[in-house]
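Notes for the one structure printed next.
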Amino acid sequence: NAGVTQTPKFQVLKTGQSMTLQCAQDMNHNSMYWYRQDPGMGLRLIYYSASEGTTDKGEVPNGYNVSRLNKREFSLRLESAAPSQTSVYFCASSKQGGGEKLFFGSGTQLSVL
Amino acid sequence: AQSVTQLGSHVSVSEGALVLLRCNYSSSVPPYLFWYVQYPNQGLQLLLKYTSAATLVKGINGFEAEFKKSETSFHLTKPSAHMSDAAEYFCAVSSMNSGYSTLTFGKGTMLLVSP
C-alpha cells in the first residue's frame, strides 16, 4: 500500500502566487489533516476533515483553504502565498480522530520568495 | 486546550547510553498521549501510545514511556542508544477542537547519537 501520498515534494513560489498541495490516502480512513512544520515550532494543525464532506480550522488556518474532494483526497490551497508560509507541509490521515494513530505523508517543502 | 512541553530541543548521547527524552502535558484528566519519531526527510511515525490501560507503554525499536499522573509526565526512554536512533522525537496529546479530538504536538527534541 502507498499509504498517504503528497504532491509535489518541493515547490518554490513567488509572493502572491497561488498553488494547491495534493494529498491522497488509500487506507479508507475517515479523517485527514494538514500540518505545517517549522524549525523549533513542532507541527501545527492548519485544517482537518473529520469525515468526508466536513472541514474545520485548526490552530493556524489563516491564508489557507482546504477541500475534501472525496474520502481519499484532501487538498490544501494557498490563494496568495506569503514568505511566512515557507514551511514543510504534512498531510496525515487516521481511521477516526482523537486517540487514533496518524499516518503521515512524506511532506512538501515549500519556499515562498 | 491541551498542550505538551518537551524539555530540551537537542539531546546528545553516546552509542550504548541511556536515552531519556522528557515530555510534560497540561491536563487534569489523563488524555491520550503519543510519541512520534521523524527520520530525516520523512514524515512522522508512531513510536508508542498511552491509552490508560497501563502506565508503562512499550513501543517499537526498544523504546518505552511511563505515564506519571502525579507529575503530568510521559517521558520516553531506551536503555541503550543505537546510531539508527538519531532522529527528531515529538510528544503529542489528544485535544478537543470544536467537538472533535485532534493531536497537539510538542516542539520536538532532536536526538544526536555519537559513536
Can you pull out the strands (runs of 3 or more DSSP E) entirely within segment B:32-106 that have at least 2 residues that are in contact with a helix residue (DSSP H, G or I) (Cβ under 8 Å, 6 or more places away or on another chain) and closer than 14 Å to B:L21 by Cα?
B:44-50
Could you figure out which of (1) facing another protein chain (nearest Cβ under 9 Å); (2) open to solvent by 30 Å² or more (accessible area, probe 1.4 Å); (3) not β-branched (V, I, T) isn't true of A:S18?
(1)
Output the residue which, of all residues in segment B:79-106 that are open to solvent by 50 Å² or more (accessible area, probe 1.4 Å) and modelled with pLDDT of 95 or more, is nearest to the other protein chains (Cβ to nearest Cβ).
B:S84
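Listed here are the residues, each with its yes/no results for (1) free of Cβ contacts under 8 Å to residues at least 60 places away in the same chain; (2) not polar (S, T, N, Q).
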position: A:V4; (1), (2): no, yes
position: A:P8; (1), (2): no, yes
position: A:K14; (1), (2): no, yes
position: A:Q22; (1), (2): yes, no
position: A:G42; (1), (2): yes, yes
position: A:S51; (1), (2): yes, no
position: A:C91; (1), (2): no, yes
position: A:Q96; (1), (2): no, no
position: A:G105; (1), (2): no, yes
Which is closer than 21 Å to A:M41 by Cα, open to solvent by less than 50 Å² (accessible area, probe 1.4 Å), assigned to a loop (DSSP other than H, G, I, E, B) and of a type outside the set (S, T, Y), of A:A81, A:A92?
A:A81
I'd like to verify a number: residues in segment A:95-111 that are more than 9 Å from every other protein chain (Cβ to nearest Cβ), open to solvent by less than 10 Å² (accessible area, probe 1.4 Å) and touching a Ser or Thr at 6+ places or on another chain (Cβ under 7 Å), how many?
1
Number of the condition not met by B:A53 [criteria: (1) within 14 Å of chain A (Cβ to nearest Cβ); (2) aliphatic (A, V, I, L, M); (3) in contact with a Phe, Trp or Tyr (Cβ under 7 Å, 6 or more places away or on another chain)]
(3)
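The values are calculated or read from the model by the stated rules, or taken from the named source; none is laboratory data. Because the structure is predicted, anything quoted here is derived from the model rather than measured. In this analysis, Cβ positions are derived from the backbone assuming ideal geometry, glycine residues included, and neighbour counts consider all displayed protein chains. Quick note on the areas: whole protein, heavy atoms, side chains included, nothing else; ligands and nucleic acids left out. Shrake-Rupley method; radii C 1.70, N 1.55, O 1.52, S 1.80 Å.
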